[in-house]
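The values are calculated or read from the model by the stated rules, or taken from the named source; none is laboratory data. Note that the structure is predicted; figures quoted are calculated from it, not measured. As a convention, Cβ positions derive from the backbone with ideal geometry for all residues, glycine included, and neighbour counts pool all protein chains shown. Just so you know, the surface numbers come from the protein's heavy atoms only, side chains and all, with ligands and any DNA or RNA stripped out. Shrake-Rupley method; radii C 1.70, N 1.55, O 1.52, S 1.80 Å.
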Amino acid sequence: MRPVYLLVAGAISAPATAQTVSVAIPQLKVAEYHRPYVAGWLEPAAGGPARTVFVWYDVKKGGAEPGTKWLADLRSWWRKGGRTMKLPADGVSGATRAPGTYQIPLPKGLAAGQYVLNVEAARETGGRELVRVPITIPGKGGTAKGSAELGTITVR
């Protein structure tokens, strides 16, 4: 009896399992390619404050025009809370990425419920794109595909 009780108690008290986000940045055939600035954030589906999961920008650029200067080009993220973030943010900020697919863990300890993962990209001399993926914590992921600046965004 005791082992069954422990398994049930563990299942009830266990925190939501962290999921992984896969972000694809496509290779674009353009004359002047610049790596995009990319931000990802979670919002409760029913509304509420946004939580930044990652933001990739030119973290090493300093001087009169630091890399943070162009973060406002990530317009949706900027309005949802980017402008009030103290950057670089430990565990969230990172350098821009070359074309490829990248894995990012969702924050641990998210409350169970319905969320929307937003991923936005902006590129110098390029375009802007926002991809939204509805997900459920714990367990149910989702997939959405960008059309230009972003490839497939998957939550598992």
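What to note about this one:
- Rounded tilt (10° steps) of 2-13 against the dominant C-alpha axis of the chain: 30
- Distance (nanometres) between label positions extended 7 Å along Cα→Cβ at SER22 and ASP90: 3.2
- Rounded to 5, the percent of DSSP beta bridges in the chain classed as antiparallel: 95
- Across ILE135, ILE25, ILE104, mean-square fluctuation computed from a Gaussian network of the chain (C-alpha pairs under 10 Å connected) peaks at ILE104.
- Phi to ³J(HN,Hα) by Karplus 6.51 cos²θ - 1.76 cosθ + 1.60 over region 50-60, Hz, x for Gly, Pro: 7, 10, 5, 9, 7, 8, 10, 8, 6, 5, 8
- Top of ASP73, ASP90, ASP58 by mean-square fluctuation, Gaussian network on the chain, Cα under 10 Å: ASP90
- Fraction in percent of alpha-carbon pairs per bin - 5 Å, region 80-156: 3, 11, 21, 24, 23, 14, 3, 1
- Solvent-accessible area assigned to carbon and sulfur over the chain amounts to 55 percent, based on a 1.4 Å probe.
- Among the trypsin sites (Lys or Arg not before Pro) within region 106-135, those in coil by DSSP and having at most 15 neighbouring Cβ atoms inside 10 Å are LYS108.
- This model, with +1 at the C-beta of Lys and Arg and -1 at the C-beta of Asp and Glu, gives the chain a dipole about its Cα centre of some 240 debye.
- P(r) tail fraction, the chain - alpha-carbon pairs more than 19 Å apart, %: 56
- Here the Karplus curve 6.51 cos²θ - 1.76 cosθ + 1.60, taken at θ = phi - 60°, turns the phi angles of region 128-138 into couplings of 10, 8, 10, 10, 10, 10, x, 9, 10, 10, x Hz, with x standing for Gly and Pro.
- Exposed-loop-free span, longest in the chain, where GluC sites (Glu not before Pro) count as exposed if DSSP calls them loop and at most 16 other C-beta atoms lie within 10 Å: 33-123
- At a probe radius of 1.4 angstrom, the accessible area of the chain per residue rounds to 58 square angstrom.
- Using θ = phi - 60° and Karplus 6.51 cos²θ - 1.76 cosθ + 1.60, couplings along region 103-118 (whole Hz; Gly, Pro as x): 10, 10, x, 6, x, 6, x, 5, 5, 4, x, 8, 9, 10, 8, 10
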